[in-house]
Structure formats: structure tokens, C-alpha cells
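Written below as C-alpha cells is the structure these notes are about.
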Amino acid sequence: MIQRLNRFLDVAGQYDLALCDVWGVLHNGVDAFPAAGKALSQARAEGLCVVLITNASRPSPRVKAMLDQIGVPETAYDAIVSSGDVTRKLIEKAPRRAFLIGQSQDLSLFDGLDIELVAAEEADSIICTGLFNDEEEQPEEYRDLLAGLRQRDLPMIVANPDLIVERGHRLVPCAGALAAIYAEMGGETRYAGKPHSPIYEAALIKAAEIKGTEIDRSRIIAIGDGMPTDVRGAANAGLDLLYVSGGIHAGEYTVNGDTDESALKAYLAREGVSPHYFMPRLA
């Protein structure tokens with residue numbers, strides 16, 4: 001049975017490593033969650049190694065710059081591994097001429113890579129980092145564009161597998177939502193971020209470098225709020241999970257601003273998953 005925690009520190013001592021989601025756990029894209037940063041900082045002071053794993057399409061140095069700007073303390077983590085980091089390896093193996101679906105702020109993904117971004121009709125592959133304008137557009141508006149790309153059998157590299165993400169008090173669509181439509185059309189999609197194994201393997205390698213030894217998976221806890229990414233990724237990797245119930249799925253089981261445990265358990269049963277713990281917010 002899933003256990004509700006009042007403090008992360010109550011169970012942190014059972015683990016050597018935490019693989020912690022970023023967006024929705026440490027911040028909402030606008031504001032940092034101070035209690036979450038404090039919880040991880042306290043656990044690190046007690047000896048826990050914390051590696052942040054995020055589906056952000058940007059390389060980890062750019063993610064760190066955003067965390068610094070938004071107010072997430074450096075004391076909360078030892079290292080960062082992003083979907084952008086591991087997606088670069090997919091890009092290196094893909095055709096050189098690519099059509100980018102995404103925004104100019106994602107161009108750091110290509111730093112140092114031999115890639116040429118071209119118009120859709122000239123491309124041999126697609127790289128999707130998100131919508132062109134996720135503040136105003138919806139994924140369904142991309143069906144005609146994606147159908148044209150599908151007719152040419154172009155593979156799509158998905159730099160951010162998330163379907164949606166919190167931004168302030170709103171939910172905005174991510175690259176994963178476009179990829180889902182493309183896959184529905186029969187298009188080929190390639191992922192390296194959560195819930196897929198490359199990002200977890202990269203995080204474990206990073207943690208082993210920090211700790212000086214490999215870490216037994218029974219001594220690793222994942223922390224996250226996304227069902228298709230954090231929850232299923234932890235399950236696929238065989239990791240214990242602390243589910244942050246106040247994130248993007250809160251509408252499924254929140255009553256009067258608090259998590260209804262019966263509704264939460266019913267939701268998890270429908271999804272076929274069994275997290276070990278939950279907290280409305282990491283604290």
C-alpha cells in the first residue's frame with residue numbers, strides 16, 4: 001500500500017541515491033518550491049546523493065542556469081542529467097539535415113553537433129523540442145504539418161518526451177504531445193528521456209562517478225509527478241518511487257485542495273502502478 005509521507009527525510013536514510021524530477025517537483029516554470037529544495041538539501045546533508053533528471057530538451061548546463069535564475073538552491077543536488085544531454089547522442093546518429101519543431105531557445109541542444117537545420121521540405125529527419133508557441137498553440141493544430149512529414153517517412157527525434165508541464169498555474173503542451181500524434185499516424189519516433197532507459201543509465205553513471213562506486217538499485221528512490229514519464233520510468237527501471245501527487249495529475253484525485261487518498265489509490269490502480277510513497281509536494 002502506498003504510504004503518505006509528511007517529510008522526505010523520514011525515508012531518505014533508506015537510500016543512497018535519489019533521482020529527482022525537476023519541473024513540477026522543484027519548480028513550476030515560474031516559481032521555485034522552497035520546501036522541495038530544502039528537503040533535498042537536508043537529505044544531502046545526511047549523505048544522500050541527488051541527481052536531477054529532467055525531460056528538458058536543453059543540455060544540463062542550461063538547465064542549471066534556469067534553476068539558478070528561478071531560485072532552486074545548488075545545495076539541493078549533486079548533478080543534473082537532462083533529456084537534452086542524452087538526446088544529443090540520437091541526433092549524432094540521425095541524418096544531418098533536420099527540420100526543427102520548437103523554439104529558438106532550444107538551439108543550445110545542437111551546440112557542437114554536425115547538424116543542419118533546414119525547411120521541412122528539405123529535411124531528412126525531424127527534431128522536436130516542443131511547439132513553436134506553446135503559450136497559444138495546441139498539438140492538434142499540427143496535424144497537417146505532421147501528416148506531410150509522415151508521408152515522407154521522416155524519423156522524429158523527441159527531445160522532450162513530456163506530454164504536458166506546469167507553467168505557473170497552467171498546463172502547457174510539450175514535444176511528447178506532438179510525438180504522440182506522429183506515432184498515431186504511423187511515424188517513427190525516437191526517445192532518450194524519461195521513461196526510456198538512456199536517461200536513467202546516464203544518471204546512474206553520473207551518480208557512480210560522484211559516489212565512487214555503483215549503487216544498488218534497491219538503494220535508489222525516484223521522485224516525480226508525471227505518470228507517463230516519472231512513474232513509468234521508475235517502474236521500468238525497477239526503482240522505488242515517491243510520487244508527488246500535487247503535480248500535473250492532481251485534478252484526478254484532489255478534493256478541496258488536498259489529495260483524497262481513496263481517489264488517488266483508485267487512479268493509481270487504473271494506471272496499473274504502485275508507488276511506494278506519496279506527498280502532495282516534496283517537503
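At a glance:
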read-out	value
Test: Leu145 is at pLDDT 95 or above, farther than 16 Å from Arg58 by Cβ and not assigned by TED's automatic domain parsing to the domain that holds Val63	yes
Filter pass, Ala283 being in a loop (DSSP other than H, G, I, E, B), in contact with a helix residue (DSSP H, G or I) (Cβ under 9 Å, 6 or more places away or on another chain) and either surrounded by 22 or more Cβ atoms within 10 Å (Cβ to Cβ) or of a type in the set (A, V, I, L, M) (or both)	yes
Residue selected from the range 183-192 under the condition free of Cβ contacts under 8 Å to residues at least 60 places away in the same chain and in a loop (DSSP other than H, G, I, E, B), by the criterion surrounded by the most Cβ atoms within 10 Å (Cβ to Cβ)	Gly187
Hits in the range 248-259 (condition: touching a strand residue (DSSP E or B) at 6+ places or on another chain (Cβ under 7 Å) and either assigned to a helix (DSSP H, G or I) or not hydroxyl-bearing (Ser, Thr, Tyr) (or both))	Ile248
Single unsatisfied condition, Val165 versus (1) farther than 18 Å from Leu109 by Cβ; (2) modelled with pLDDT under 95; (3) under 18 Å from the mean Cα position of the chain (by Cα)	(1)
Any hit, the range 193-213, residues being free of Cβ contacts under 8 Å to residues at least 12 places away in the same chain, outside any helix (DSSP H, G or I) and not assigned by TED's automatic domain parsing to the domain that holds Val11	no
Test: residue in the range 244-257 that is among the charged types (D, E, K, R) and surrounded by 21 or more Cβ atoms within 10 Å (Cβ to Cβ)	no
Qualifying residue in the range 265-278 (condition: within 19 Å of Asn28 (Cα to Cα) and out of contact with any helix residue (DSSP H, G or I) (no Cβ under 9 Å at 6 or more places or on another chain))	no
Residue check, Val172 of a type in the set (A, V, I, L, M, F, W, C), surrounded by 12 or more Cβ atoms within 10 Å (Cβ to Cβ) and modelled with pLDDT under 95	yes
Scope the range 77-132; condition out of contact with any Gly (no Cβ under 6 Å at 6 or more places or on another chain), among the hydroxyl-bearing types (Ser, Thr, Tyr) and either assigned to a loop (DSSP other than H, G, I, E, B) or farther than 28 Å from Ile205 by Cα (or both); matching residues	Tyr77, Ser104, Ser125
Test: residue in the range 27-40 that is within 16 Å of Ile221 (Cα to Cα) and assigned to a loop (DSSP other than H, G, I, E, B)	no
Checking Phe110 against (1) of a type in the set (Phe, Trp, Tyr); (2) free of Cβ contacts under 8 Å to residues at least 24 places away in the same chain; (3) closer than 20 Å to Gly24 by Cα, the condition it does not meet	(3)
Filter result (surrounded by fewer than 19 Cβ atoms within 10 Å (Cβ to Cβ) and either assigned to a loop (DSSP other than H, G, I, E, B) or at positive phi (or both)) within the range 49-76	Gly71, Pro73
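The values are calculated or read from the model by the stated rules, or taken from the named source; none is laboratory data. Here the structure is a predicted model, which means the values were calculated and not measured. Virtual Cβ from ideal backbone geometry, glycine too; neighbours counted across all protein chains shown.
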